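Working notes, structure below.
Coordinate-derived values only; no laboratory data. Small disclaimer: the values here were computed from a predicted structure and weren't measured. Cβ coordinates were reconstructed from backbone atoms using ideal geometry, including for glycine residues, and neighbour counts include every protein chain displayed.
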Amino acid sequence: MFALNRWQSGTAALMALSVTVGTVAPLITAAPAFAQTTFSDVQSNYWAAQFIQQLSQRGVIAGFPDGSFRPEEAVTRAQFAAMVNKAFPKSPQRQAISFVDVPSNYWASSAIQQAYTIGFLSGYPGNRFEPNQAIPRQQVLVSLSNGLAYSPTVNTETTLQYFNDAFSIADYARSPIAAATEKQIVVNYPNVKFLNPTATATRAQVAAFIYQALVSSNQASAINSPYIVAGQTTTPTPISVTIPQGTAIPVKYDKAEKILVTKDESAPLTLTVAQSVVTQEGSVVIPAGSQVVGQLKPAQGGSQFIAEKLVLTTGQEYQINATSEVITKTETVNKGTNTGTIIKNTVLGAGAAAAVSAVTGDRAIATEEVLGGAGIGALIGLFFGKNSVDLIAIDPDTDLQMTVNQSLLVSLR
């Protein structure tokens, strides 16, 4: 087929010239009127056949000189840059930069620069682009959302609960993917409920994503496919699910790397759920970003977090019976110790703050460094005359992981 006329032969030659080490440049047709729209390895009943045909007709993607499309082949970041430039011609949104790993004579150098300036792609630390890196599915969706300036209009975590593997979506990708889901850009084959965000995007998948992005921006007609994730247009019927006793809840604390309390004090504390809690069936029952409100309390010569309330990202609140292990690790504060070294990246209970102030003689500990902003002046007298004090030292991201002590019924929306 590619030897039928001089134009096609020239196109094949262009394809051959676009081969780099380990990477085949995507064939971008110069004139869609001549574009190949049927391929030897894409049958009419293939799940992405219509997406591939439509984009080929537009000249956004094309096949290989042997008449194949290779739908399951991975797409590199450079290849994706070339595709989005063809699909979404836009004016520059920002100044071009030079990536250290993209030489000026690299086949996709100009495509990468353009994809960067129009806002679809960015680089990595160290001013690298990684052009030959296989692009993950979540990165494709983030690129399309960012390039089209889409933002979520409803709660991000509520939208992402649709996916049984939402916990695998990277933090940076959650909001853009929620926006892409609302815009019906997401296409999941073979199971529409699984996003597989970290999997390498194939040529067929990228074709589906890009075409749906064109539909979302009113540049293409909708295709009827059972694998398109429909955005939430109605409020789903709540389903009650039990979080069983013994369920672990991973948490984090963003305000400090360490917490210091005395072994005798209680201190209010609010923690953030670090990773979604998922049932065996794959339903998200506690989305990442939910909050657990409770207190640090004395327990068996140490301190223990006692959870009192669970606040989901949807705003739903539940009373919860959950606790961390007892923390008994201590840190000794001696007379003459520099207060700055103690409180760096640390918050203190009111008792611990009073102890540090009394032992070191530093009365300038700020209330924002004290849990709950409690006043410490009245407590300082308890530690006068002491040359040292032992405080319970808590690493919130590891020591405060908790376990549900009593089954909890929650409503999924």
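Each label point was placed 7 Å from the Cα along the Cα-to-Cβ direction; for Glu325 and Ser91 their separation is 6.0 nm. Taking a virtual spin label 7 Å from the Cα of Ala274 along the C-beta vector, which residues in the stretch 291-312 bring their backbone nitrogen under 16 Å of it? Hits in the stretch 291-312 for Ala274 at 16 Å: 291-292, 305. Within the stretch 96-213, the ratio Rg/Rh, alpha carbon atoms throughout and Rh by Kirkwood, equals 0.99. With viscosity 1.002 mPa s and temperature 20 °C, the Kirkwood radius over alpha carbon pairs of the stretch 241-412 converts through Stokes-Einstein to a diffusion coefficient of 128 µm²/s. Pairs exceeding a 21 Å alpha-carbon distance, out of Lys255/Lys344; Lys252/Lys335; Lys193/Lys252; Lys252/Lys344: Lys252/Lys335; Lys193/Lys252. Peptide packing: for 253-265, 400-412, the average count of neighbouring Cβ atoms within 10 Å per residue gives the ranking 253-265, 400-412, highest mean first. In plain terms, the chain from Trp47 to Ser104 could stretch by 16.7 nm, reckoned as 0.36 nm per residue minus the Cα-Cα distance.
Scoring 291-303, 116-128 by mean Cβ neighbours within 10 Å over their residues and listing the highest first yields 291-303, 116-128.
Calculate, in whole percent, how much of the Cα-Cα pair population of the stretch 6-216 lies beyond 33 Å. Looking at the stretch 6-216, the distances longer than 33 Å represent 12 percent of pairs.
Using 0.36 nm per residue, how much length does the chain from Phe167 to Glu308 gain when fully extended, once their Cα-Cα distance is taken away? Intermediate results must be reported in sequence, preceding the final value.
On the way: separation 141, 0.36 × 141 = 50.76 nm, distance 2.43 nm.
Going from the current span to full extension adds 48.3 nm.
By how many nm would the segment from Val293 to Thr403 grow when fully extended, if each residue of separation counts as 0.36 nm and the alpha-carbon distance is taken off? Intermediate values should be presented prior to the final figure.
Working: separation 110, 0.36 × 110 = 39.60 nm, distance 1.42 nm.
Here the segment from Val293 to Thr403 would lengthen by 38.2 nm.
In the stretch 41-111, one over the average inverse separation of all distinct C-alpha pairs is 14.3 Å, which is the Kirkwood hydrodynamic radius.
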